[in-house]
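Quick notes on the structure that follows.
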Amino acid sequence: MQILEKINQLKDSHKAVILAHNYQPAEIQDIADFTGDSLGLSIKASQTDAEVIVFCGVRFMAETAAILSPKKTVLLPDEFAGCPLADMITAEQLLKLKQQHPDALVVCYVNSSAQVKAESDYCCTSSNAVEVVNSLPKNREIIFVPDRYLGQYVIEQTGRDLILWPGYCQVHIVITEEDIENNKAKYPDSIVMAHPECTEPVKALADQILSTGGMLNFVSKSKAKRFIVATEVDMIHALQKQNPNAEYFPASKRAVCPNMKLITLEKILWALQDMQYKITVPEPIRVKAQKAVDRMIEILPAD
Ligand code: 13P
Ligand code: SF4
């Protein structure tokens with residue numbers, strides 16, 4: 001029997017759903033029941049009536065699903081698929097920062113551990129970070145962790161003076177101004193879309209600053225036919241599938257997230273065969289983290 005047949009059979013018998021992030025390898029995106037950005041996947045995970053969620057992404061995404069759906073079995077097909085950005089702040093470090101700013105509200109990017117979420121008031125994704133910060137009282141200080149580049153973008157968009165943490169995504173910071181300029185010189189009629197995790201000089205050269213879900217929405221409404229894509233390279237597969245009539249150029253072919261690529265079809269099969277690797281969050285942490293995550297999925301992006 002072919003691997004896809006086996007996966008489908010096991011999916012049916014376990015009442016499982018496969019969720020995949022837009023940075024997953026093409027063949028994983030193609031077999032998923034639902035693909036999307038961090039916000040879309042979290043909402044899907046909270047709404048599905050499946051009993052098992054196979055999360056094709058990285059640990060914090062599976063953890064967020066486990067926070068939202070504690071009665072479901074959440075599986076991450078590779079236990080080492082982590083996110084170095086999420087690992088750049090610990091709950092202890094956040095607690096210290098909170099002690100220095102005792103009246104501040106804490107907003108954490110969803111790219112963070114369950115423990116950090118439990119110490120935060122609000123969680124957000126790149127698609128609703130601006131809306132989340134705009135919803136907060138004007139007279140309160142705000143701590144924003146862990147991505148400094150998303151934080152800087154939110155400062156510019158909201159005019160709020162955020163207390164930032166020096167975290168960054170090692171995939172997005174490899175994209176340089178020169179990459180954008182060289183691509184622009186080659187494809188002068190193209191639109192540059194950059195993820196907010198890119199550095200400030202790259203974002204300054206972009207026409208649009210968007211989450212991965214925002215990129216898909218923007219392209220589907222745009223009349224343009226060529227796009228330079230400043231984010232992880234497999235985003236191009238998601239764009240091509242949804243809008244095959246446009247052309248897409250990666251800003252940098254080096255923008256590859258090695259953790260996202262740890263997921264393979266074989267590992268999805270083994271995940272369903274052996275119910276591995278179960279992602280759970282200790283109940284006291286889960287309950288605290290859920291408050292911040294519930295707020296995140298209630299505040300929708302403006303567009
Ligand atoms: P979004 O898909 O939510 O834009 O997130 C990008 C990302 O880096 C996830 O790790
Ligand atoms: Fe983490 Fe960056 Fe990979 Fe996203 S692309 S999972 S932020 S390392």
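Every condition in (1) open to solvent by 20 Å² or more (accessible area, probe 1.4 Å); (2) among the acidic types (Asp, Glu); (3) in contact (Cβ under 8 Å) with a residue 24 or more places away in the chain holds for Glu178 except the one numbered (3). When both residues are 6+ apart or on different chains and their Cβ atoms are under 8 Å apart, which pairs have a first residue that lies in region 261-282 and is over 16 Å from Glu51 (Cβ atoms), and a second that is in a loop (DSSP other than H, G, I, E, B) and open to solvent by 90 Å² or more (accessible area, probe 1.4 Å)? Note: pairs meeting the criteria are Leu262/Phe80. Looking only at region 95-117, residues that are in a helix (DSSP H, G or I), open to solvent by less than 10 Å² (accessible area, probe 1.4 Å) and touching a residue at least 60 places away in the same chain (Cβ under 8 Å) come to 2 in all. Residues in region 58-69: is at least one within 16 Å of ligand 1 (Cβ to nearest atom) and surrounded by fewer than 20 Cβ atoms within 10 Å (Cβ to Cβ)? No, region 58-69 has no match at all. Screening Leu150 on (1) within 13 Å of ligand 2 (Cβ to nearest atom); (2) touching a helix residue (DSSP H, G or I) at 6+ places or on another chain (Cβ under 8 Å); (3) part of a loop (DSSP other than H, G, I, E, B) shows it passes everything except condition (3). In region 263-275, is there at least one residue being open to solvent by 60 Å² or more (accessible area, probe 1.4 Å), within 20 Å of the chain's Cα centre (by Cα) and within 14 Å of ligand 2 (Cβ to nearest atom)? Within region 263-275, not a single residue is open to solvent by 60 Å² or more (accessible area, probe 1.4 Å), within 20 Å of the chain's Cα centre (by Cα) and within 14 Å of ligand 2 (Cβ to nearest atom). Going by the conditions given, is Tyr122 open to solvent by 10 Å² or more (accessible area, probe 1.4 Å) and farther than 28 Å from Lys11 by Cβ? In short, yes.
Of all residues in region 10-31, none satisfies being out of contact with any strand residue (DSSP E or B) (no Cβ under 7 Å at 6 or more places or on another chain), open to solvent by less than 10 Å² (accessible area, probe 1.4 Å), away from ligand 2 (no atom under 16 Å from the Cβ) and touching a residue at least 60 places away in the same chain (Cβ under 8 Å).
Residue-wise test of (1) closer than 30 Å to Lys15 by Cβ; (2) open to solvent by 20 Å² or more (accessible area, probe 1.4 Å); (3) among the charged types (D, E, K, R).
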| residue | (1), (2), (3) |
| --- | --- |
| Pro77 | yes, no, no |
| Phe80 | yes, yes, no |
| Glu92 | no, yes, yes |
| Tyr153 | no, yes, no |
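The values are calculated or read from the model by the stated rules, or taken from the named source; none is laboratory data. Predicted model only: the values in this text are computed from it and were never measured. Quick reminder, even Gly has a Cβ in these numbers, built from the backbone with ideal geometry, and neighbours come from all protein chains shown. Please note that ligands, DNA and RNA were not included when accessible areas were found on the heavy atoms of the full protein model with its side chains. Shrake-Rupley method; radii C 1.70, N 1.55, O 1.52, S 1.80 Å.
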